[in-house]
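This report refers to the structure that appears directly beneath it.
The values are calculated or read from the model by the stated rules, or taken from the named source; none is laboratory data. The structure presented is a predicted model; accordingly, all values stated were derived computationally and were not measured. Positions of Cβ are backbone-derived with ideal geometry, glycine not excepted, and every protein chain shown enters the neighbour counts. For accessibility, only protein heavy atoms count, side chains too; no ligands or nucleic acids. Shrake-Rupley method; radii C 1.70, N 1.55, O 1.52, S 1.80 Å.
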Amino acid sequence: MVICGPTVARTEMLQKVKSGLGDKLAVVFSEAAPHTPIEMVKRGLDSFRGGGADALVTVGGGSTIDAGKAIAIMLATGGDLARYAIRYAPGREVEREALPVHTMPHIAVPTTAGSASDVMPTASCRDPASGRKLLFWDSDLTPAATVLDPEMAVHAPPLLTAATGMTAMARAVEALYSGRRHAMSTALALHAVRLLRRGLPRSIEVPHDLDARGACQMAAAMSGTAAINAMVSVVHAVGHIIGGRYALQHGISHAILLAAAMRRLLPVVGTEQTLLLEALGGRSCGEPERDGAAAADLIAAFVGGLPLPHRLRDVGIAEGDVAEIGHLTMSDYMMANLPRRMTEAEVVSLLMSVW
């Protein structure tokens, strides 16, 4: 079964995949939607069963790839999503239950600049009724193969390109200041930053530049590999909460928060702040903390040049909601990966600084 959204379905992208599959194609499910709503996943499950399929090909961004993963979870568990969702509370270890059986083969064909769900064992889906996201992690959820074809990315419009690209940038930067970082994750994250610094603006300015599109796809895969080894933290944790409550694209909240989070957390990594500054095209002054501040300034300027909202108030978040968002963020499992402890008051202060 091929899973895609309406945009892919009405362009040549779907026809290319159908032609490649030939008589292996059983059915097309073209209802993938942002944030992978649970009801959509259930319809996809019915389509998979009714079409007689035995494998998945997802063509789209992170929500589409996660739709394939969520369908796989439901097939493996008899339809039970909640039982296998990640559980976390501050001061406790992350808890998750392994899937009872292996999932079916899954091939991912990403069409945006940054999801990286195609190389990661994680997934999420949204319950619109509760405004909550269910998060999953199982090694069996990583697709068996990912096809990085820049020609499949040229149809992404500027806003989607910018938002997904900033998801990849935030993932790389958060891996660099993660409390679980190591040399290999740092190397991948730094090169992802280098590729995105040039490739993302170019992909927006000249959408059919295949070198720029390809650079973003490689950077996304690198950032995902870095992040699943080192993990990410507060920027992504807030993204989960805001995405669940407001159905806001993750990359938009990541873009709004990243520079402010860097100013608070980069000093913990010492001399590695200089490596990030240089990857962003800056020049070291010889003082790591000043280099970190300069790196945050460069990210802020980078985001300022993208066609994205720049403050939480610009995306419909009321000032009165900020405290509750901060409170809920503390219970997101990504907070276990901070390079230093953050209090709830600090998270609220971070949010207010970009409100």
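Does HIS102 count as more than 30 Å from THR271 (Cβ to Cβ), touching a residue at least 40 places away in the same chain (Cβ under 8 Å) and not in a helix (DSSP H, G or I)?
no
Applying the criterion of being more than 20 Å from SER115 (Cβ to Cβ) and not in a helix (DSSP H, G or I) to the residues of segment 184-208, the residue that is least open to solvent (accessible area, probe 1.4 Å) is VAL206. Filtering VAL27, VAL41 for residues that are open to solvent by less than 20 Å² (accessible area, probe 1.4 Å) and either within 25 Å of PRO150 (Cβ to Cβ) or of a type in the set (Val, Ile, Thr) (or both) leaves a single hit, VAL41. Total residues in segment 283-319 satisfying the condition of being free of Cβ contacts under 8 Å to residues at least 60 places away in the same chain, open to solvent by 20 Å² or more (accessible area, probe 1.4 Å) and farther than 20 Å from GLY239 by Cβ: the figure is 13.
Within segment 4-19, restricting attention to residues that are part of a helix (DSSP H, G or I) and hydroxyl-bearing (Ser, Thr, Tyr), the residue that is surrounded by the most Cβ atoms within 10 Å (Cβ to Cβ) is THR7.
In segment 49-65, the count of residues that are farther than 18 Å from PRO121 by Cα, over 20 Å from the mean Cα position of the chain (by Cα) and hydrophobic (A, V, I, L, M, F, W, C) is one or more.
Against the test of being out of contact with any helix residue (DSSP H, G or I) (no Cβ under 8 Å at 6 or more places or on another chain) and either more than 24 Å from SER124 (Cα to Cα) or not small (Gly, Ala, Ser) (or both), the options GLY286, GLY281 yield a single qualifying residue, GLY286.
Anything in segment 80-99 that is closer than 18 Å to THR36 by Cα and assigned to a loop (DSSP other than H, G, I, E, B)? List them, or say none. Of everything in segment 80-99, those that are closer than 18 Å to THR36 by Cα and assigned to a loop (DSSP other than H, G, I, E, B) turn out to be ASP80, LEU81, ALA85, ILE86.
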